[in-house]
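Below is one structure; the comments refer to it alone.
The values are calculated or read from the model by the stated rules, or taken from the named source; none is laboratory data. Owing to the predicted nature of the structure, the values given are computational and were not obtained by experimental measurement. Virtual Cβ from ideal backbone geometry, glycine too; neighbours counted across all protein chains shown. For accessibility, only protein heavy atoms count, side chains too; no ligands or nucleic acids. Shrake-Rupley method; radii C 1.70, N 1.55, O 1.52, S 1.80 Å.
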Amino acid sequence: MSSSLIGKTPGGEPFFAGRTQCPFCSVQCKIRMDGEAKPEGLSAFRAHGDDNAASEGRLCVKGQNAHQHALSGERLLHPMVRRGGKLVRATWEEAMRTAVGMFAASAEEGGPDAVGVYGGGSLSNESAYLLGKFARLALGTRYIDYNGRFCMSAAASAGSKTFGVDRGLTFRLSDIPKAECIVLAGTNLAECQPTLMPYFNRARENGASIIVIDPRATATAAASDLHLPVRPGTDAALAAGMLKVLIEEGLIDEAFVESRTRGFEELRERAVNQMTLPQTAEFCGVREDLIRRAATMYGRARTGMIMTARGVEQQTDGHLAVREFLNLVLATGKIGREGCGYGAITGQGNGQGGREHGQKADQLPGYRSIADEADRAYVASVWGVEPERIPGPGVSAYEMMEMIDRQEIRTLLVMGSNPVVSNPNVSRVREGLEKLDGLIVADMFLSETALLADVVLPVTSYLENEGTLTNLEGRVLLREAVRPAPGECRHDWAVLGDFAERLGRAEGFRFRSAEAIFDELRLASRGGRADYYGITYDRLRREEGVYWPCGEAGGGSGLMFERSFAHADGRAVFSAPPQNTENGRTTSSAYPLLLTNGRVLAHYLTGVQTHRSPVLEAREVANFLEIHPAAAKRIRVRDGEWARIDSEAGMFYARCRVTDKIREDTVFAPMHWSGSQNVNRATLPDLDPYCKMPGFKTTPVRVLPYGGSSEEDDRSGLSAGPAALV
Ligand SMILES: Nc1nc2c(c(=O)[nH]1)N[C@H]1C(S)=C(S)[C@@H](COP(=O)(O)OP(=O)(O)OC[C@H]3O[C@@H](n4cnc5c(=O)[nH]c(N)nc54)[C@H](O)[C@@H]3O)O[C@H]1N2
Ligand SMILES: Nc1nc2c(c(=O)[nH]1)N[C@H]1C(S)=C(S)[C@@H](COP(=O)(O)OP(=O)(O)OC[C@H]3O[C@@H](n4cnc5c(=O)[nH]c(N)nc54)[C@H](O)[C@@H]3O)O[C@H]1N2
Ligand code: SF4
Ligand SMILES: [Mo]
């Protein structure tokens, strides 16, 4: 806790000051906190933006109020176990013994693969690394995956296939103002990474054009020069249409294509035979002249960037849609130099680091592959085991939920996620989790998932838990603890160490500090694509963050692919799949509207943290449905009224917000509410075949004015209506 200071004010009051880092999004803004040292002195605490290279000292409203949840009276301060159907207070000894008994019983009945592990992108690199090692070596299961599957998987797989490596931004944030044209596709930065907006404003002041592709005229679109209101789920076709324009207009960088890439000829051929531009316009619901303008603006600019986020990626064709955008980047040679590049805007605080070190089903630390002999042998040597001890690849997050439903996985450890709210088709997911023999949840709060658990383990929050996190630009940052653990809370990694010991596998899990785990992670990642070997806590303290890859040589320049890409031949790879003109899910007379979803500024993900912050909660108290005035009129719902939204999977309730800032065929609801207001009661579990990302962002629905109950309401237990929050 080297950065905290507890002293006395001149009046003799205990005084607290410390430097920490926001627990929410991928920017990882640094925070300076001060106030009274008493936890109950909630309002006495103040959070100030502190200087750092990413947010340059800015802080958004979530960072300003994050401590409210961490200091809230609702924090779990002791373990709980289920007895007689109820969660009751327990000692650590009881809770851990119960949990280990569950691991053992399931493994005895169904083998080690009957136990599953579900992690999260909020965990520090150290905890995420140890969770992967714990699953493979202490539990011996192949079944581990994490919430980042719903977040980063499409961009990650597309980046890996195209460039040979995947890092959120292939450039530095400080390069943004140097771009002449910036395409923002399916990203609402103004609400989701608000402290980055000044970079884009600066680019505009320098004369850059910003193009936003989003079915809604978002706050981000309001700060742009051109808005393409795409029909949900059709980005792949839109990007392919833009490529066609680039080819027709002679805006291809032939020298770059020739010297640095592979596969353009197939793409050129496909472009001849693909949808015509008028067909593309009709399919995507975007005027032809706008598509043409967007393509030529990007193509003619000397420098330019394309960024995507979940709007493009959380689709059943998310992998291919990202690759279509990457085709544009490569075809125009806009990567590997200043003011250029591609960026997948990562989401969670450690959305980047959390996807590098082994909590993914097919992955070992340093982005190594669990299916590759050499990778397995290397990591086994660091772990001091035979390679055969490391199980093979598991399955993706939602597929784990299906296995749980089929009772193939019998005990599940959840660390850092709230899957019963954030999975698609949550009603089925809940039914599955209820069938488990053992559900063990490590969290700071009684989340909706913890409420279903047999064992709940209280863990430390960002204020108390030291560790490294990697922000969206691949910059590894050290977050130091500023106060001791409250109550009986333990660090995630310490819980794993204790479990390992009780499972008789203490060897390799005896860590006394996060730094000691990081030192092993450095070794395990050494020579891998996400190489952290050259990064140390000392260096992180001195330099305030270091970019990966950073091997022995020091590394860490931030700008990627200046001379070569990460594939063996140094070239990047185009993709030219046949066009999907069916678009997976189309509307019908029964479900005539497309439901998409996302975020609002004040809340974070399933809301477990932000609903416990009075200031944030006051900003948005209930879920809402953005709906176009013409659609609202047809359905006979008025602004402010509750509506019921039905899909094939289920229904939820939201209050209508009638606005012309959304397409007429589309409705939008945020994802921050649970119970009967949870949008994921309606989302479908169809997965992208390449990366197993669910198609969250496109669901055909019907919207009905709220009133009374129907047979369907009764079946789903929703007849109590929108107020019935779980
Ligand atoms: N305030 C806040 N900030 C957050 C988070 C949060 O919960 N709250 N979560 C963090 C996390 S984990 C993540 S992953 C990021 C997410 O960051 P974003 O991906 O930017 O957030 P979303 O709101 O999910 O989606 C972005 C936009 O995609 C649009 N969209 C929907 N469907 C489509 C489509 O088919 N095509 C296109 N082109 N656009 C579409 C939506 O209208 C929305 O404006 O944010 C991070 N930051
Ligand atoms: N419909 C729809 N669904 C979506 C999305 C969408 O856009 N639309 N987005 C998807 C995306 S991008 C994401 S990232 C997921 C996120 O989905 P979840 O993983 O369910 O998100 P959170 O609400 O962050 O849940 C994290 C839980 O971990 C706890 N927690 C926080 N920090 C820590 C920690 O350090 N240790 C431990 N042990 N616990 C901690 C919190 O209290 C909370 O209960 O949701 C996905 N679901
Ligand atoms: S939510 Fe993101 S932008 Fe806001 S303060 Fe936290 S890290 Fe910064
Ligand atoms: Mo995310």
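Residues in region 377-405 that are open to solvent by 30 Å² or more (accessible area, probe 1.4 Å) and without any contact (Cβ under 8 Å) to a residue 24 or more places away in the chain: 5 in all.
Scanning region 339-368 for residues that are at positive phi and out of contact with any strand residue (DSSP E or B) (no Cβ under 6 Å at 6 or more places or on another chain) turns up 339, 366, 367.
Listed here are the residues, each with its yes/no results for (1) over 28 Å from residue 284 (Cα atoms); (2) surrounded by fewer than 24 Cβ atoms within 10 Å (Cβ to Cβ).
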position	(1), (2)
146	yes, no
171	yes, no
178	yes, yes
186	no, no
204	no, yes
207	yes, yes
215	no, no
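Per this entry, residue 598 is counted among residues that are open to solvent by less than 50 Å² (accessible area, probe 1.4 Å) and either of a type in the set (A, V, I, L, M, F, W, C) or within 16 Å of ligand 4 (Cβ to nearest atom) (or both).
One line per residue, one yes/no per condition, for (1) in contact (Cβ under 8 Å) with a residue 12 or more places away in the chain; (2) farther than 22 Å from residue 208 by Cβ; (3) over 24 Å from the mean Cα position of the chain (by Cα):
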residue: 227; (1), (2), (3): yes, no, yes
residue: 236; (1), (2), (3): yes, yes, no
residue: 253; (1), (2), (3): yes, no, yes
residue: 256; (1), (2), (3): yes, no, yes
residue: 259; (1), (2), (3): no, yes, yes
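Specify the residue that is farthest from residue 373 (Cα to Cα); the eligible residues are those in region 510-544 that are small (Gly, Ala, Ser) and open to solvent by 10 Å² or more (accessible area, probe 1.4 Å). Among those residues, the one meeting the criterion is 513. Is it the case that some residue within region 124-131 is in a helix (DSSP H, G or I), in contact (Cβ under 8 Å) with a residue 12 or more places away in the chain, closer than 17 Å to residue 346 by Cβ and in contact with a Pro (Cβ under 8 Å, 6 or more places away or on another chain)? Taking every residue of region 124-131 in turn, none turns out to be in a helix (DSSP H, G or I), in contact (Cβ under 8 Å) with a residue 12 or more places away in the chain, closer than 17 Å to residue 346 by Cβ and in contact with a Pro (Cβ under 8 Å, 6 or more places away or on another chain). Screening region 265-366 for helices (runs of 4 or more DSSP H) wholly inside it with 2 or more residues that are touching a helix residue (DSSP H, G or I) at 6+ places or on another chain (Cβ under 9 Å) and within 16 Å of ligand 4 (Cβ to nearest atom) returns the ranges 310-313, 318-331.
Just checking, does region 317-330 include any residue being among the aromatic types (Phe, Trp, Tyr) and either within 22 Å of residue 162 (Cα to Cα) or surrounded by 23 or more Cβ atoms within 10 Å (Cβ to Cβ) (or both)? Checked region 317-330: at least one residue is among the aromatic types (Phe, Trp, Tyr) and either within 22 Å of residue 162 (Cα to Cα) or surrounded by 23 or more Cβ atoms within 10 Å (Cβ to Cβ) (or both). On the stretch given as region 168-206, residues that are in contact (Cβ under 8 Å) with a residue 60 or more places away in the chain, more than 24 Å from residue 321 (Cα to Cα) and either within 12 Å of ligand 3 (Cβ to nearest atom) or among the charged types (D, E, K, R) (or both) total 6. Among the residues of region 634-645, not a single one is of a type in the set (Gly, Ala, Ser), modelled with pLDDT of 95 or more, within 25 Å of residue 401 (Cβ to Cβ) and out of contact with any Asp or Glu (no Cβ under 9 Å at 6 or more places or on another chain).
Restricted to region 377-493, the set of strands (runs of 3 or more DSSP E) holding at least 2 residues that are in contact with a Ser or Thr (Cβ under 9 Å, 6 or more places away or on another chain) and within 16 Å of ligand 1 (Cβ to nearest atom) comprises 467-470.
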